[in-house]
1. Quick check, is G148 over 24 Å from I64 (Cβ atoms) and either in a loop (DSSP other than H, G, I, E, B) or in contact with a Ser or Thr (Cβ under 9 Å, 6 or more places away or on another chain) (or both)?
2. Could you say which residue among G178, G148 is modelled with pLDDT of 95 or more and on the phi > 0 side of the Ramachandran plot?
3. Go through (1) under 23 Å from D37 (Cα atoms); (2) open to solvent by less than 50 Å² (accessible area, probe 1.4 Å); (3) in contact (Cβ under 8 Å) with a residue 24 or more places away in the chain for N132 and report which single condition fails.
4. Going through the stretch 187-211 one residue at a time, which ones are hydrophobic (A, V, I, L, M, F, W, C) and within 21 Å of D111 (Cα to Cα)?
5. From the list I64, I5, I26, pick out the single residue that is under 19 Å from M206 (Cβ atoms), of a type in the set (V, I, T) and buried (at least 19 other Cβ atoms within 10 Å of the Cβ).
6. Just one of K90, K100, K51, K44 is more than 10 Å from the ligand (Cβ to nearest atom), free of Cβ contacts under 8 Å to residues at least 60 places away in the same chain and among the charged types (D, E, K, R); which is it?
7. Residues in the stretch 111-121: is at least one within 17 Å of the chain's Cα centre (by Cα), away from the ligand (no atom under 12 Å from the Cβ) and at pLDDT 95 or above?
Amino acid sequence: MKIVIFGPPGSGKGTYASRLTQRLGIPHISTGDLVRDEIRNKTKLGKTVEKYSSSGTLVPDEIITEILTKRLGAGLSNGFILEGYPRTVKQAKELEKIMKVDVVVNLNVPDKVIVERLSARLQCKSCGAIYNERTLKPKITGKCDKCGGELFRRVDDQPEVIQERLKVYREASEPVIGFYRSRNLLKDIRNEDPNVDPETVVDQIMKTIRA
Ligand code: AMP
């Protein structure tokens, strides 16, 4: 199954996508992680995309599509969970040319919950696992439960950058919802409770995509 997880920054896309990967046994592709890998590996592409990523603005469509296409080329015939792409209608049209997706899960989360979540988010430097200082604490402070890696706060999770990312989402990304609704691929998930157990939301997503 080819699944897109769509939603504003801080809606839990990465958290749910990584859990769905385990349940469904198909890979999780996050364009945000691909961008951070390019930056960490100091590639030419990484140097180009760093300024966008750190300021919370979008990497230009052609560059992010190039990064994604490179990853999609690596044998994904059993399906995948794509997270963080598309983020513009242009990208949605590009994806349609590359391959057909089966379902788009749209996470609806109020801004208040988003800001609360992002300002408490921590991520593992080694395996990318996501934690939350309030709702999803690691067993040992500062260390990843899964691999023992060091936890860090993303540069784009600073308050001013969060506001910029929300603005970019409203202007550039929200129209993607209409694009997929018109193609009958959209499934809405509502999540208004900041303290909800991620597994409960994943159960809800599983039920929705199987309906
Ligand atoms: P994320 O981890 O999904 O929030 O992505 C982190 C950053 O990577 C974003 O703020 C953008 O700068 C960049 N990025 C990731 N995916 C895309 C995309 N589909 N289009 C444009 N920029 C992207």
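The values are calculated or read from the model by the stated rules, or taken from the named source; none is laboratory data. Keep in mind that this is a model prediction, so the values were computed, not measured. Cβ placement follows ideal geometry from the backbone for every residue including glycine, while neighbour counts extend to all protein chains displayed. These accessible areas exclude ligands, DNA and RNA; they are computed on the full protein's heavy atoms, side chains included. Shrake-Rupley method; radii C 1.70, N 1.55, O 1.52, S 1.80 Å.
1. yes
2. G148
3. (3)
4. Listed by number, the residues that qualify are I189, V196, V201, V202, I205.
5. On the way: I64 fails: under 19 Å from M206 (Cβ atoms); I26 fails: buried (at least 19 other Cβ atoms within 10 Å of the Cβ).
It is I5.
6. Among K90, K100, K51, K44, only K44 is more than 10 Å from the ligand (Cβ to nearest atom), free of Cβ contacts under 8 Å to residues at least 60 places away in the same chain and among the charged types (D, E, K, R).
7. There is no residue in the stretch 111-121 that is within 17 Å of the chain's Cα centre (by Cα), away from the ligand (no atom under 12 Å from the Cβ) and at pLDDT 95 or above.
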